[in-house]
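Presented below is the structure to which this report refers.
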Amino acid sequence: MDNLVEMWGQMGYLAQSVVVGLGVMSVWSISVMIERYLVFRAARKQSREFAPMVAEALQSGQIKEAIELAEQYTKSHLAKVLVAGLKEFKEFEGSGVVPGEVVDSSRRALQRATAVGISDFKKGLGGLATIGATSPFVGLFGTTVGIINAFAGMAGGEDTGLAAVAGGIAEALIATAFGLFVAVPAVWMYNYFTTKIEAFSIEMDNSSSELVDYFLKRRKDGN
């Protein structure tokens, strides 16, 4: 710890600013990781609880109850999508005749809700990807500046041996190490979240298709 403090004191202002910038990037990326993880976890948990319950309600023809159930699971990605289509269909419940335009309108509502849901899941991931891609180069910039300063100091001093620049190079390499420390978790978690979003997208598409099939069946039965 004392060595790190000593190295920090010996760094130039530009190198220190690079390290501070990397620190800010690290804190921001960690906050995004935690927030997104909690969002994805809640979506998965609530959707697992919601799916069998809404399926039972729809099998009984209880559209209103299915909507009320979906509105209770506010963090479920499946509930957010299905409620959009159910609300479009609701006004024709029990009428006996369901126009084809209503099914088409419900399908479009499901598609819009799916697109919005995917967009919501992607919040913050663009910044996470940017940090993962750029922080090594930011660290490399700090290293380059530090090495330049080390050799400049050697050029202006009497000692021209390796010992004259070893300390400066060690300080400079801290920036590269810190840049990698910031980048690696950001890249890992970005790939993890992207995989999860793909899985959620497939689930929402499948649920939407099943709900449209249900609407078509109701329309056929009504006619």
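The values are calculated or read from the model by the stated rules, or taken from the named source; none is laboratory data. Everything numeric in this text was worked out from a predicted model, so none of it was measured. No Cβ is skipped: glycine too gets one built from the backbone with ideal geometry, and neighbour counts run over all protein chains shown. Accessible surface is based on the protein model in full, side chains and every heavy atom, while ligands, DNA and RNA are left aside. Shrake-Rupley method; radii C 1.70, N 1.55, O 1.52, S 1.80 Å.
Reported count of residues in the stretch 184-213, each being open to solvent by less than 40 Å² (accessible area, probe 1.4 Å) and either more than 19 Å from the chain's Cα centre (by Cα) or at pLDDT below 85 (or both), is 4.
Yes/no matrix, rows are residues, columns are (1) aromatic (Phe, Trp, Tyr); (2) modelled with pLDDT under 95; (3) surrounded by fewer than 15 Cβ atoms within 10 Å (Cβ to Cβ); (4) in contact with a Lys or Arg (Cβ under 7 Å, 6 or more places away or on another chain):
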position: Ser106; (1), (2), (3), (4): no, yes, no, no
position: Ala113; (1), (2), (3), (4): no, yes, no, yes
position: Val116; (1), (2), (3), (4): no, yes, yes, no
position: Ala166; (1), (2), (3), (4): no, yes, yes, no
position: Ile174; (1), (2), (3), (4): no, yes, no, no
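Per the conditions (1) modelled with pLDDT of 80 or more; (2) touching a helix residue (DSSP H, G or I) at 6+ places or on another chain (Cβ under 9 Å), the sole criterion not satisfied by Val145 is (1). Would you confirm whether or not the stretch 20-39 contains a residue that is in contact with a helix residue (DSSP H, G or I) (Cβ under 9 Å, 6 or more places away or on another chain), touching a residue at least 60 places away in the same chain (Cβ under 8 Å) and in a loop (DSSP other than H, G, I, E, B)? There is no residue in the stretch 20-39 that is in contact with a helix residue (DSSP H, G or I) (Cβ under 9 Å, 6 or more places away or on another chain), touching a residue at least 60 places away in the same chain (Cβ under 8 Å) and in a loop (DSSP other than H, G, I, E, B). Regarding the stretch 176-183, can at least one residue be identified that is free of Cβ contacts under 8 Å to residues at least 40 places away in the same chain, closer than 30 Å to Ser105 by Cβ and open to solvent by less than 70 Å² (accessible area, probe 1.4 Å)? No, every residue in the stretch 176-183 fails to be free of Cβ contacts under 8 Å to residues at least 40 places away in the same chain, closer than 30 Å to Ser105 by Cβ and open to solvent by less than 70 Å² (accessible area, probe 1.4 Å).
Within the stretch 75-103, the set of residues being open to solvent by less than 40 Å² (accessible area, probe 1.4 Å), in a loop (DSSP other than H, G, I, E, B) and modelled with pLDDT of 90 or more comprises Ser76 only. Of the numbered criteria (1) surrounded by fewer than 19 Cβ atoms within 10 Å (Cβ to Cβ); (2) under 17 Å from Ile197 (Cβ atoms), the one Gln72 fails is (2). Out of all the residues in the stretch 33-56, which are within 16 Å of Thr195 (Cα to Cα) and open to solvent by less than 40 Å² (accessible area, probe 1.4 Å)? Of everything in the stretch 33-56, those that are within 16 Å of Thr195 (Cα to Cα) and open to solvent by less than 40 Å² (accessible area, probe 1.4 Å) turn out to be Met33, Arg36, Phe40, Ala43.
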